[in-house]
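Colleague: Sharing a structure below in structure tokens format, with a few things to ask.
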Amino acid sequence: MINITLPDGAVKQVPSGTSVLAVAKTISEGLARNIISAKFNDTTVETSTTLNTDGSLTLYTWNNDEGKKAFWHSTSHVVAQALEELYPGIKLTIGPAIENGFYYDVDFGNHSISEKDFPAIEKKALEIARGKHDFTMREVSKSDALSLYKKQNNPYKVELIENLKDGEITFCDHSTFTDLCRGGHIPNTGIIKAIKILSVAGAYWRGDENNKQLTRVYGISFPKQKELTAYLELLEEAKKRDHRKLGRELELFTFSQKVGQGLPLWLPKGAALRERLEDFLKKAQKKAGYEMVVTPHIGQKELYVTSGHYAKYGEDSFQPIKTPKEDEEFLLKPMNCPHHCEIYNTSPFSYKDLPKRYAEFGTVYRYEQSGELHGLTRVRGFTQDDAHIFCTPDQLNDEFKNVIDLSLYVLGSLGFENFTAQVSVRDLNKPEKYIGSVENWEKAEQAIINAAEQKGLNFVVEPGEAAFYGPKLDFMVKDALGRNWQLGTIQVDYNLPERFDLTYKGSDNELHRPVMIHRAPFGSMERFVALLLEHTGGNFPLWLIPQQAIVLPVSEKHEKYAEKVLKSLENHEIRALIDNRNETVGKKIREAELNKIPFMLVVGEQEEEANTIAVRRHGGEDFGSITVNAFSDLISKEISSTLKSF
């Protein structure tokens with residue numbers, strides 16, 4: 001008999017050789033019918049896998065992320081078989097599950113594929129799926145695996161196998177199809193009821209632009225057709241909310257090939273929006289005891305060697321800038337933290353001076369691959385709302401909780417109410433990824449968990465997601481379309497204070513190391529604005545939007561009164577403009593709606609006589625004719641209801 005421990009701590013005793021599915025049946029027949037994947041002792045397994053040792057077992061259904069991953073990875077095998085049958089002679093490479101669906105990278109040779117071919121691929125894949133073919137795993141010797149793919153003249157699979165050892169090579173079979181695979185599949189193809197090929201794109205083999213460009217086929221699948229229909233409707237809504245589209249329509253930002261890929265240019269309306277976000281956070285930071293600092297856009301290479309950033313990211317950053325002086329090199333700033341460490345080092349501090357809280361809207365630069373650039377969410381130059389707190393170990397808990405409060409204030413004031421906190425810790429199996437002592441890592445990780453528990457956060461612990469110098473707390477926010485994004489991060493760092501020899505004099509008159517907290521509630525201004533655009537559909541909170549109202553005179557003879565109204569609005573600190581073009585009021589309203597201006601204020605003869613404005617809300621709500629004072633009260637009440645107090 002073996003002992004199988006379930007996630008709730010319950011232990012099932014079963015005979016050695018019992019399958020995962022059989023264990024599920026001992027819990028519930030209904031559960032067993034819905035199990036599609038599992039994990040045993042941190043290894044992804046099939047429901048048919050037999051268990052021969054004691055261990056921990058987690059069962060996954062379609063409702064679990066891991067279950068979806070197995071479902072989509074299995075579908076990638078089915079689609080790969082369909083592609084081989086439709087396009088003989090193609091060479092398959094890899095086909096992993098991704099956040100939403102899967103892809104398969106294919107060398108199509110002389111064949112070509114476009115959107116018009118998608119229905120035929122979907123039809124063939126569904127025909128295969130309806131065959132209810134079991135997915136089965138088998139071990140293969142390295143020599144046999146190489147022999148198979150050499151016969152198929154597939155250099156990609158050969159390269160993958162050459163980097164593996166005997167005993168760690170497995171194939172997955174279903175129907176007449178075989179693929180090199182590590183595992184993680186659903187029981188059979190019949191569970192797949194709906195398949196959609198979403199797009200095709202170019203992708204270099206292994207992400208290296210020196211290698212051959214392959215065709216990446218993206219797709220998604222579901223256990224029910226109605227779920228695919230709902231997903232496609234969501235995709236259509238996401239297209240409408242795409243921040244690149246809205247940013248262009250609302251004249252917020254642009255890009256220029258002459259300036260360079262991944263380097264956004266903020267237009268006047270976008271700059272005003274960004275400035276308001278900065279002012280909002282600066283005001284909160286001032287209340288929380290932060291001091292603003294400014295650091296240069298470049299630094300000597302040695303600065304980032306000391307911090308460890310060069311060793312970790314140097315090859316992926318912009319190349320060093322050489323000066324006329326021999327052996328002198330500078331880097332475009334990849335991070336603000338080394339600069340802030342040097343600011344701390346300018347003065348001696350005692351424990352009575354701490355904590356020191358330095359904040360900066362600092363622009364940093366990282367050389368992202370051109371294929372990975374995406375609007376404002378993935379750029380090469382971006383501004384972080386960065387701050388670093390230097391405190392004593394005794395102050396760490398309170399300081400970390402204060403940063404949590406600030407982060408919650410930011411998210412709440414901008415409508416991001418649905419979130420989960422993620423405690424990102426080390427991968428204990430890959431210590432080479434991290435710098436610093438195990439003791440410091442353990443202290444830092446426990447400090448974050450303690451603070452999250454004390455603040456009552458709903459949090460999960462994710463191994464392997466820590467920064468290289470310390471663990472962190474990330475806020476995983478769900479937007480209006482149900483998509484998850486990482487917004488805001490807080491990190492505890494014992495390592496950079498050691499690397500930069502930061503000290504303070506304690507009450508014992510001895511020198512001690514401060515603890516460093518890194519925090520950025522927005523993350524980066526660029527990415528935050530992009531996600532805010534998509535979350536709100538461009539309908540920003542009233543306190544934030546650059547233009548809160550537009551005054552629409554009915555005709556030329558009402559322009560003087562419109563100017564009087566505008567002056568009065570400005571006195572009430574309401575941001576507005578006049579549209580005095582020679583167009584109909586109807587056309588002006590339609591254009592104001594497209595520009596997502598919250599309020600349209602129509603002024604004609606009746607309004608001028610009564611000293612009022614006819615107020616129309618974006619979306620069509622009519623407030624009738626009211627005074628500017630009443631309109632100002634309306635604006636103030638709405639802002640106070642959305643802008644949280646801090």
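The values are calculated or read from the model by the stated rules, or taken from the named source; none is laboratory data. As the structure is a prediction and not an experimental result, all values here were calculated from the model. A quick note on method: Cβ atoms are made from the backbone with ideal geometry, for glycine too, and the neighbour counts reach across all protein chains shown.
Colleague: What's the number of the only condition in (1) among the polar types (S, T, N, Q); (2) part of a strand (DSSP E or B); (3) farther than 29 Å from LYS356 by Cβ that SER424 fails to meet?
Modeller: So SER424 meets the others, but not (3).
Colleague: Can you tell me how many residues in the stretch 178-214 are over 22 Å from PHE71 (Cβ atoms) and not aliphatic (A, V, I, L, M)?
Modeller: 11
Colleague: Sticking with this structure for a sec: Quick check on the stretch 173-208: of everything there that is in a strand (DSSP E or B) and of a type in the set (D, E, K, R), which residue is farthest from the chain's Cα centre (by Cα)?
Modeller: That would be ASP173.
Colleague: Which of the residues spanning the stretch 197-222 are farther than 26 Å from LYS124 by Cβ and in contact (Cβ under 8 Å) with a residue 24 or more places away in the chain?
Modeller: TYR204, GLY207, GLU209
Colleague: Assigned to a helix (DSSP H, G or I) and either of a type in the set (Gly, Ala, Ser) or touching a Phe, Trp or Tyr at 6+ places or on another chain (Cβ under 9 Å) (or both): is that true of ALA614 in this structure?
Modeller: no
Colleague: Right, another one. Among the residues of the stretch 124-145, count how many are assigned to a helix (DSSP H, G or I) and surrounded by fewer than 17 Cβ atoms within 10 Å (Cβ to Cβ). First the steps, then the outcome.
Modeller: Applying the first criterion (assigned to a helix (DSSP H, G or I)) to the stretch 124-145 yields 124-129, 142-145.
Filter once more, keeping what is surrounded by fewer than 17 Cβ atoms within 10 Å (Cβ to Cβ): 127, 142-144.
Qualifying residue count, the stretch 124-145: 4.
Colleague: Of all residues in the stretch 146-161, which are among the basic types (Lys, Arg) and exposed (fewer than 14 other Cβ atoms within 10 Å of the Cβ)?
Modeller: Here is the first cut: in the stretch 146-161, the residues among the basic types (Lys, Arg) are 150-151, 157.
LYS150, LYS151 - these are the residues of the stretch 146-161 that are among the basic types (Lys, Arg) and exposed (fewer than 14 other Cβ atoms within 10 Å of the Cβ).
Colleague: Restrict the check to the stretch 630-642 and report whether at least one residue is free of Cβ contacts under 8 Å to residues at least 40 places away in the same chain and either closer than 24 Å to SER555 by Cβ or in contact with an Asp or Glu (Cβ under 6 Å, 6 or more places away or on another chain) (or both).
Modeller: For the stretch 630-642, residues free of Cβ contacts under 8 Å to residues at least 40 places away in the same chain and either closer than 24 Å to SER555 by Cβ or in contact with an Asp or Glu (Cβ under 6 Å, 6 or more places away or on another chain) (or both): absent.
Colleague: Anything in the stretch 141-161 that is within 15 Å of ILE94 (Cα to Cα) and without any contact (Cβ under 8 Å) to a residue 60 or more places away in the chain? List them, or say none.
Modeller: TYR149, VAL158, GLU159, ILE161, listed by residue number.
Colleague: Scanning for something farther than 16 Å from PHE382 by Cα and of a type in the set (S, T, N, Q), does the stretch 246-264 turn up at least one residue?
Modeller: yes
Colleague: Please go through the stretch 123-140 and pick out each residue that is more than 15 Å from ILE186 (Cβ to Cβ) and of a type in the set (D, E, K, R).
Modeller: If the condition is that a residue be more than 15 Å from ILE186 (Cβ to Cβ) and of a type in the set (D, E, K, R), then LYS123, LYS124, GLU127, ARG138, GLU139 are the ones that fit.
Colleague: How many residues are of a type in the set (Gly, Ala, Ser) and either over 21 Å from LEU481 (Cβ atoms) or exposed (fewer than 13 other Cβ atoms within 10 Å of the Cβ) (or both) if we restrict to the stretch 209-241?
Modeller: The first filter runs over the stretch 209-241 and keeps only residues of a type in the set (Gly, Ala, Ser), leaving 219, 221, 230, 238.
After this cut, where a residue has to be either over 21 Å from LEU481 (Cβ atoms) or exposed (fewer than 13 other Cβ atoms within 10 Å of the Cβ) (or both) as well, the list is 230.
The total comes to 1.
Colleague: Hey, does the stretch 184-196 have a residue that's out of contact with any Phe, Trp or Tyr (no Cβ under 9 Å at 6 or more places or on another chain) and among the charged types (D, E, K, R)?
Modeller: The initial filter retains those residues of the stretch 184-196 that are out of contact with any Phe, Trp or Tyr (no Cβ under 9 Å at 6 or more places or on another chain), namely 184, 190.
Now narrow it down to the ones that are among the charged types (D, E, K, R): none.
Scanning the stretch 184-196, I find no residue that is out of contact with any Phe, Trp or Tyr (no Cβ under 9 Å at 6 or more places or on another chain) and among the charged types (D, E, K, R), so the answer is no.
Yes or no, residue by residue, for (1) among the hydrophobic types (A, V, I, L, M, F, W, C); (2) surrounded by fewer than 15 Cβ atoms within 10 Å (Cβ to Cβ); (3) modelled with pLDDT under 95:
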site	(1), (2), (3)
VAL602	yes, no, no
ARG616	no, no, no
ASP622	no, yes, yes
VAL628	yes, no, no
ASP633	no, yes, no
LYS637	no, yes, yes
LYS644	no, yes, yes
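Colleague: Considering only the stretch 242-313, give the helices (runs of 4 or more DSSP H) lying wholly within it that have at least 3 residues that are touching a His at 6+ places or on another chain (Cβ under 9 Å) and either surrounded by 12 or more Cβ atoms within 10 Å (Cβ to Cβ) or assigned by TED's automatic domain parsing to the domain that holds ALA387 (or both).
Modeller: Those helices (runs of 4 or more DSSP H) do not exist here; none qualify.
Colleague: Conditions: (1) of a type in the set (Gly, Ala, Ser); (2) within 15 Å of the chain's Cα centre (by Cα); (3) more than 24 Å from GLN384 (Cα to Cα). SER437 meets all but one. Number of the miss?
Modeller: Every listed condition holds for SER437 apart from (2).
Colleague: Kindly list the number of the only condition in (1) touching an Asp or Glu at 6+ places or on another chain (Cβ under 9 Å); (2) assigned by TED's automatic domain parsing to the domain that holds ILE94 that fails for SER74.
Modeller: Condition not satisfied by SER74: (1).
Colleague: Here is a list: THR323, THR392. Which entry is among the hydroxyl-bearing types (Ser, Thr, Tyr), free of Cβ contacts under 8 Å to residues at least 40 places away in the same chain and farther than 30 Å from PHE540 by Cβ?
Modeller: Numbers: THR392 fails: free of Cβ contacts under 8 Å to residues at least 40 places away in the same chain.
Result of the check over THR323, THR392: THR323.
Colleague: Does the stretch 362-380 include one or more residues that are part of a strand (DSSP E or B), over 17 Å from the mean Cα position of the chain (by Cα), in contact (Cβ under 8 Å) with a residue 60 or more places away in the chain and more than 30 Å from ASP208 (Cα to Cα)?
Modeller: Scanning the stretch 362-380, I find at least one residue that is part of a strand (DSSP E or B), over 17 Å from the mean Cα position of the chain (by Cα), in contact (Cβ under 8 Å) with a residue 60 or more places away in the chain and more than 30 Å from ASP208 (Cα to Cα), so the answer is yes.
Colleague: Still on this model: I need every pair where a residue in the stretch 8-35 that is loosely packed, with under 15 Cβ neighbours inside 10 Å has its Cβ under 9 Å from the Cβ of a residue that is part of a loop (DSSP other than H, G, I, E, B) and hydroxyl-bearing (Ser, Thr, Tyr), sequence separation at least 6 or different chains.
Modeller: SER16/THR53; LEU31/THR61
Colleague: Given the condition within 22 Å of HIS618 (Cα to Cα), touching a residue at least 60 places away in the same chain (Cβ under 8 Å) and part of a helix (DSSP H, G or I), answer yes or no: does some residue in the stretch 548-558 qualify?
Modeller: no
Colleague: Would you please list the contacts, defined by Cβ atoms under 6 Å and residues six or more apart or on different chains, that run from a residue in the stretch 474-496 that is under 18 Å from GLU526 (Cβ atoms) and assigned by TED's automatic domain parsing to the domain that holds GLY308 to a residue that is among the acidic types (Asp, Glu) and surrounded by 21 or more Cβ atoms within 10 Å (Cβ to Cβ)?
Modeller: Correct list of pairs: GLN486/ASP474; THR489/ASP474.
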